Amino acid sequence: MDQQRDHENITELDQQLKGSNQSNMRAYNERLVLSLVRRNGQLPKMKLAQMTGLSAQTVSVIMRSLEADGLLIKGEPVRGKVGQPSIPLSLNPDGVFFLGLKIGRRSSELILVDFLGQVKQKVIHPYPFPEPDDIEKFALKSIKKFETDLGETASKIAGLGIAMPFELWNWAEAIGTSTDKMENWKTYDIQKVLSHSCSYPVYLQNDATAACGAELAFGTNQTKRDFAYFYIGTFIGGGLVINGSLFIGKNGNAGALGSTLISDKAGETKQLIDEASIVTFEKQLQEAGIDPSPLWNTENGWQALNQTINPWIERVANGLAQAIISTTALIDQEATVIDGAFPEHVRRHIVTATQEAIKNYNQQGIEQPVICEGSLGTVARALGGASLPLFDRYLVDQNTSLNQ
């Protein structure tokens with residue numbers, strides 16, 4: 001009876017994760033064990049053997065190796081009615097660390113996270129517009145401080161991930177600066193520059209795609225098999241999770257949902273980015289003679305704008321509703337996740353408004369979309385940067401062919 005109940009608790013996604021007993025697959029199998037423990041929490045050896053299809057002996061070898069490397073730690077023995085007690089293992093929070101750098105159009109942010117994705121340190125650098133030299137100095141100074149604070153354990157930093165908009169120089173006028181001030185970004189390689197100063201790998205990804213990866217790695221939606229992800233920042237962007245893996249496409253820009261074509265209330269065709277971005281709200285406030293600076297103070301600044309936010313949320317919801325129908329028709333995803341660089345109450349308001357707005361559009365031929373909240377908010381993009389070395393070095397890419 002207990003075995004049957006355990007089997008029922010294995011998610012559909014976990015059932016697709018199967019290992020190989022071939023000796024040359026050990027690296028994959030270690031990633032597989034780490035992925036399942038991350039998703040399910042504490043797991044004993046026999047449950048892992050059941051979930052992976054690996055032999056109990058193979059799982060024992062893997063778990064001992066990961067424990068010796070400091071990546072797994074033993075929990076308290078669980079005693080049953082018969083047999084030896086079961087000893088679950090879980091991720092060691094201090095087993096490895098990751099750095100995440102978000103470069104945005106209004107601010108940059110560097111964070112240090114542990115193996116569980118908990119933010120250990122964070123520093124934010126605001127500005128009117130991003131300048132390469134300024135951001136380079138900020139990043140290097142902050143990285144050095146984090147490493148100094150870690151002391152000897154700085155050797156456990158597995159990588160730095162950079163999350164930034166591709167073609168950062170675009171839409172300069174929308175953020176109140178001239179195109180020529182952003183031109184340097186066309187030839188500036190921040191990944192290469194920081195690689196020269198770091199003793200660990202440096203990764204780069206589109207910021208909204210990275211935020212989607214953070215939701216998959218650290219958020220409350222990580223058990224979902226397929227979802228479209230919308231992130232509302234200075235400009236709205238997105239990402240795709242297909243078959244439990246982040247799908248980035250040929251150019252690393254799959255899920256560029258801000259480019260989705262929609263119709264505004266006047267029936268004019270626009271891109272979603274024109275209707276559902278924070279700069280749209282900023283422009284609305286400026287036209288009404290209201291100081292928009294609280295928008296970029298996401299801790300408490302939005303509270304002062306509660307009386308003026310409804311028209312913007314209506315625009316966002318109508319645009320999102322149309323984009324969600326389009327992605328659902330194409331992907332048939334399990335859910336649509338909405339998050340953004342604002343407080344939780346704003347996110348909740350947007351999700352509720354979108355759930356209502358979608359009822360106004362023809363959904364014939366598709367399943368009713370499930371729309372839910374993201375869980376990471378403002379820190380999602382920096383966490384997305386930190387997730388890049390995690391995915392590359394410790395987790396399973398379910399799009400990989402095992403060739404068993």
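The values are calculated or read from the model by the stated rules, or taken from the named source; none is laboratory data. Computed from a predicted model, the values in this text were never measured in an experiment. As a convention, Cβ positions derive from the backbone with ideal geometry for all residues, glycine included, and neighbour counts pool all protein chains shown. For accessibility, only protein heavy atoms count, side chains too; no ligands or nucleic acids. Shrake-Rupley method; radii C 1.70, N 1.55, O 1.52, S 1.80 Å.
Quick notes
- Checked against the criterion of being open to solvent by 20 Å² or more (accessible area, probe 1.4 Å), at pLDDT 95 or above and more than 17 Å from Val119 (Cα to Cα), the candidates Glu147, Glu152, Glu167, Glu173 yield just one match: Glu152.
- Any hit, region 356-364, residues being more than 23 Å from the chain's Cα centre (by Cα) and buried (at least 17 other Cβ atoms within 10 Å of the Cβ): yes
- With respect to the stated conditions, Phe138 is in contact with a strand residue (DSSP E or B) (Cβ under 6 Å, 6 or more places away or on another chain) and either surrounded by fewer than 16 Cβ atoms within 10 Å (Cβ to Cβ) or within 25 Å of Ser293 (Cα to Cα) (or both).
- Subset of region 349-372 that is without any contact (Cβ under 8 Å) to a residue 40 or more places away in the chain and in a loop (DSSP other than H, G, I, E, B) - its residue that is farthest from Pro311 (Cα to Cα): Gly365
- Unmet requirement for His125, which otherwise passes all of (1) surrounded by 15 or more Cβ atoms within 10 Å (Cβ to Cβ); (2) in contact (Cβ under 8 Å) with a residue 60 or more places away in the chain: (2)
- With respect to (1) of a type in the set (D, E, K, R); (2) within 29 Å of Leu140 (Cβ to Cβ); (3) outside any helix (DSSP H, G or I), the lone exception for Arg225 is condition (2).
- Condition met for Lys18 (modelled with pLDDT of 70 or more and open to solvent by 20 Å² or more (accessible area, probe 1.4 Å)): no
- Check on Leu101, surrounded by fewer than 16 Cβ atoms within 10 Å (Cβ to Cβ) and either acidic (Asp, Glu) or closer than 14 Å to Leu383 by Cβ (or both): no
- Annotation: Leu216 fulfils all but one of (1) surrounded by 14 or more Cβ atoms within 10 Å (Cβ to Cβ); (2) not in a helix (DSSP H, G or I); the unmet one is (2).
- Conditions (1) surrounded by fewer than 22 Cβ atoms within 10 Å (Cβ to Cβ); (2) touching a His at 6+ places or on another chain (Cβ under 8 Å): number failed by Glu109: (1)
- Pick from region 226-236, criterion open to solvent by less than 20 Å² (accessible area, probe 1.4 Å) and of a type outside the set (S, T, N, Q), ranking: farthest from Ala335 (Cα to Cα): Gly233
- Residue selection: Ser401 fails the criterion of being modelled with pLDDT of 95 or more, open to solvent by 20 Å² or more (accessible area, probe 1.4 Å) and assigned to a loop (DSSP other than H, G, I, E, B).
- Leu204 vs. criteria of a type in the set (A, V, I, L, M, F, W, C), under 13 Å from the mean Cα position of the chain (by Cα), modelled with pLDDT of 95 or more and farther than 28 Å from Trp302 by Cα: no
- First in region 145-172 and closer than 22 Å to Ile103 by Cβ, second anywhere and of a type in the set (Lys, Arg) and surrounded by 18 or more Cβ atoms within 10 Å (Cβ to Cβ), Cβ under 6 Å, 6 or more apart: Ala163/Lys102; Ala163/Arg381
- Region 106-165 - residue that is hydroxyl-bearing (Ser, Thr, Tyr) and assigned to a strand (DSSP E or B) and, of those, farthest from Glu67 (Cα to Cα): Ser107
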